[in-house]
Amino acid sequence: MASGEEDGTVEEKETNNKKRTKGAIATAWLTFYNIAMTAGWLVLAVAMVRYYLQKGTHKGLYRNIARTLKFFQTFALLEVGHCAIGIVRTSVIVTGVQVCSRIFMVWFVTNSIRQIQNEESVILFVVVWTITEITRYSFYTFNLLNHLPYFIKWARYNMFIVMYPLGVIGELLTIHASLPYVRRSGMYSLRLPNKYNVSFDYYYFLIIVMLSYIPLFPQLYFHMLRQRRRVLHGEIVVEKDE
Amino acid sequence: TARKAVVFFEVEILDAKTKDKLCFLDKVGKILPSFSLYWYPARQSIRLDPKGKSLKDEDVLQHLPVGTTATFYFRDLGAQISWVTVFLTEYAGPLLIYLMFYFRVPFIYAPKYDFTTSKHWVVHLACMCHSFHYVKRLLETLFVHRFSHGTMPLRNIFKNCTYYWGFAAWMAYYINHPLYTPPTYGEQQIRLALTVFLFCQIGNFSIHIALRNLRPPGSKTRKIPYPTKNPFTWIFLLVSCPNYTYELGSWLGFTLMTQCLPVAAFTLVGFIQMTVWAKGKHRSYLKEFRDYPTLRSPILPFIL
């Protein structure tokens with residue numbers, strides 16, 4: 001009777017409270033995460049500018065920032081986790097692919113093939129990544145704090161138009177430059193015969209990776225363009241009504 | 001003499017996305033779905049709710065929850081292709097492709113190996129098993145399976161063929177390679193692998209026959225499958241989709257027989273896909289049948 005009803009509402013209140021606390025913890029963690037990442041990439045940007053101003057050349061710049069870059073780019077793996085447990089509403093696969101391609105570039109191309117570390121193309125994509133990530137993480141941070149300055153929103157949805165193709169060019173040129181060294185050293189490759197009856201040629205693998213940019217890049221680019229139209233176009237409609 | 005009252009319906013069909021009126025029929029006693037040659041029946045999805053499930057061919061207008069004016073929503077499912085066509089194409093590919101590698105057709109391996117055969121007897125055995133497997137699948141598609149859907153979207157044939165043909169080429173390349181390394185534990189390993197493979201092939205076939213016998217020809221009824229006199233079907237006590245269980249077993253046998261990593265990869269990917277399908281089938285059995293046996297798991301007894 002009365003006690004039965006009370007039990008029901010008490011249980012409901014408890015689950016609602018649990019949900020609210022979980023939501024608050026998630027928001028707190030995400031805010032901390034995005035602030036930390038914004039700070040990390042800012043540190044990277046400052047270090048690069050300082051190096052160039054002091055030395056006047058880009059040679060040796062990569063070695064100088066390598067550890068910081070590897071740390072913060074690898075840390076981004078957490079974002080896949082965020083999607084998986086549902087505190088961020090993006091597809092796990094899309095985030096996974098994006099983070100993995102970055103990790104691949106950093107650990108399996110620039111980190112392991114030292115001869116290409118002074119290439120200009122490396123600087124190109126690192127600079128592009130830095131600008132993109134600072135914009136992206138500060139966008140998320142301000143969003144979570146519910147105070148999004150328009151210029152950050154503008155930057156997030158407009159800079160990619162130029163940054164994205166530039167980044168792709170930097171990455172492709174870098175992989176291309178690494179090919180002769182990979183071929184000569186036979187790194188990361190497995191030859192026949194072996195007891196697993198499989199072979200792997202890193203040289204051809206890199207060529208396939210380069211070719212895969214052809215179908216993948218336009219898809220991601222047009223996805224961002226569509227998102228941009230939806231976010232910025234929606235804004236215009238509201239203003240008209242007022 | 002009493003006169004039978006005939007109920008006539010008014011039917012309007014709207015496009016599910018744009019809500020444009022496509023067709024209006026008044027005084028409908030019987031509705032025939034083919035109102036266009038381009039949108040052949042298999043491609044049409046007619047539903048009561050724009051985002052809802054499609055109505056079936058067998059649904060009768062009078063038995064649907066509509067008033068005397070029925071509004072249906074039409075959705076174009078895209079170009080369709082029959083399941084039989086897809087199955088035959090996706091299975092014929094691996095059969096022929098593997099044989100090309102087995103016979104060492106030119107331009108695959110170094111020219112001095114053209115049209116030679118492997119010196120390892122396990123390679124010949126593997127070719128027989130692989131070919132048997134796909135011939136069995138082709139014959140089952142033609143003579144055993146009863147499909148509930150006639151068609152699937154056209155793009156599926158490209159996706160499926162890439163998967164089957166690609167993996168077949170990848171594994172065939174290594175098994176039939178001049179530098180192929182036979183299994184570490186030799187004859188013992190191969191004999192065990194062959195036993196597992198054959199056992200699971202017979203099992204898989206038994207399940208397909210049992211499922212076929214559940215459904216009378218031309219019907220699309222669904223019933224709970226139960227173990228029959230054939231011992232290979234007793235696994236129904238523990239598993240909802242034993243055809244997938246046996247299929248996994250067959251490929252594990254083939255992996256053991258060839259000791260080839262690409263085969264292991266193919267087995268793993270297939271297992272993941274079949275688990276997804278088995279879980280879906282298991283869930284729909286539970287939803288449809290109140291008395292569905294509780295001991296059964298989707299694909300692996302007690303585990304998955």
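The values are calculated or read from the model by the stated rules, or taken from the named source; none is laboratory data. Being a predicted model, the structure only gives us computed values, none of them experimental. With ideal geometry, Cβ positions are generated from the backbone for all residues, glycine too; neighbour counts draw on all protein chains shown. Heavy atoms of the whole protein, side chains included, go into the accessibility calculation; ligands, DNA and RNA do not. Shrake-Rupley method; radii C 1.70, N 1.55, O 1.52, S 1.80 Å.
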Check: Which of the peptides A:170-177, A:209-216 is most tightly packed, and how do the rest follow, going by the mean number of other Cβ atoms within 10 Å of each residue?
Finding: A:170-177, A:209-216
Note to self: Modelling each spin label as a point 7 Å along the Cα-to-Cβ direction, I'd like the B:Thr85/B:Gln273 distance in nm, to one decimal.
What the structure shows: 2.0
Checklist line | Three-way shape label, the stretch A:152-224, alpha-carbon gyration tensor, a/c 1.5 | finding: prolate
Margin query: Taking R0 as 41 Å, what FRET efficiency do you get between A:Leu145 and B:Ile224 from their Cβ-Cβ distance, rounded to the nearest 0.05?
Written below: 0.15
Notebook entry, point to check: Could you give the angle, 0 to 90 degrees to the nearest 10, between helix A:92-103's Cα long axis and the longest principal axis of the Cα atoms of chain A?
Noted result: 30
Notebook entry, point to check: In peptide A:194-207, what is the residue-averaged number of other protein chain Cβ atoms found within 10 Å of each Cβ?
Noted result: 4
Margin query: For a bin width of 20 Å, list the pair-distance distribution of the protein assembly as shown built from all Cα-Cα distances, rounded to whole %.
Written below: 14, 35, 39, 11, 1, 0
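Given R₀ = 30 Å, FRET efficiency for A:Gln227-B:Arg215 by Cβ-Cβ distance, to 0.05?
So the FRET efficiency works out to roughly 0.05.
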Note to self: As a test of the definition: with a 1.4 Å probe, what buried accessible area, both sides summed, do you compute for A against B, in Å² to the nearest 100?
What the structure shows: 800
Next item on the list: Set the Förster distance to 60 Å, then compute FRET efficiency between B:Thr181 and A:Thr31 from the Cβ-Cβ distance, nearest 0.05.
Entry: 0.65
Next item on the list: Could you rank the peptides A:132-140, A:117-125 by their average count of other C-beta atoms within 10 Å per residue, with the highest value first?
Entry: A:132-140, A:117-125
Margin query: Run the numbers for B:Leu96 and B:Trp234: contour at 0.36 nm per residue of separation, minus the present Cα-Cα distance, in nm.
Written below: 46.2 nm
Check: Using the per-residue mean of other Cβ atoms lying within 10 Å as a proxy for protection, in what order, highest first, do the peptides A:19-27, B:180-188 fall?
Finding: B:180-188, A:19-27
Notebook entry, point to check: Of B:Thr85, B:Pro106, B:Ala42, which is farthest along the charge dipole of chain B in the positive direction, counting Lys and Arg as +1 and Asp and Glu as -1 at C-beta?
Noted result: B:Ala42
Notebook entry, point to check: On the first, second and third principal axes, largest extent first, how far apart are the outermost C-alpha atoms of the stretch B:158-304 in Å?
Noted result: 56, 37, 31
Notebook entry, point to check: Cα centroids of the stretch A:28-101 and the stretch B:83-154: how far apart, whole angstrom?
Noted result: 47
Check: So between A:Asn111 and A:Lys18, what do we pick up on full extension, going 0.36 nm a residue minus the alpha carbon distance?
Finding: 29.1 nm
Notebook entry, point to check: For the stretch A:11-233, what is the accessible area per residue in Å² when the probe is 1.4 Å?
Noted result: 59
Item checked: All-pairs alpha carbon distance profile, chain B, 10 Å steps from 0, percent -> 5, 20, 25, 21, 14, 8, 4, 1, 0, 0
Next item on the list: In vacuum, with every alpha carbon of the stretch A:11-233 counted as one equal point scatterer, what does the Debye formula give for log10 I(q)/I(0) at q = 0.15 Å⁻¹? Two decimals, please.
Entry: -1.10
Notebook entry, point to check: How big is Rg to Rh over the stretch B:237-281, alpha-carbon atoms, Rh as the Kirkwood inverse-mean-distance radius?
Noted result: 1.03
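Hey, any idea what Rg/Rh is for the stretch A:79-142, computing Rh the Kirkwood way over Cα pairs? Don't skip to the answer; put the middle values down first.
Numbers: Rg = 14.2 Å, Rh = 13.4 Å.
Here the Rg-to-Rh quotient is 1.06.
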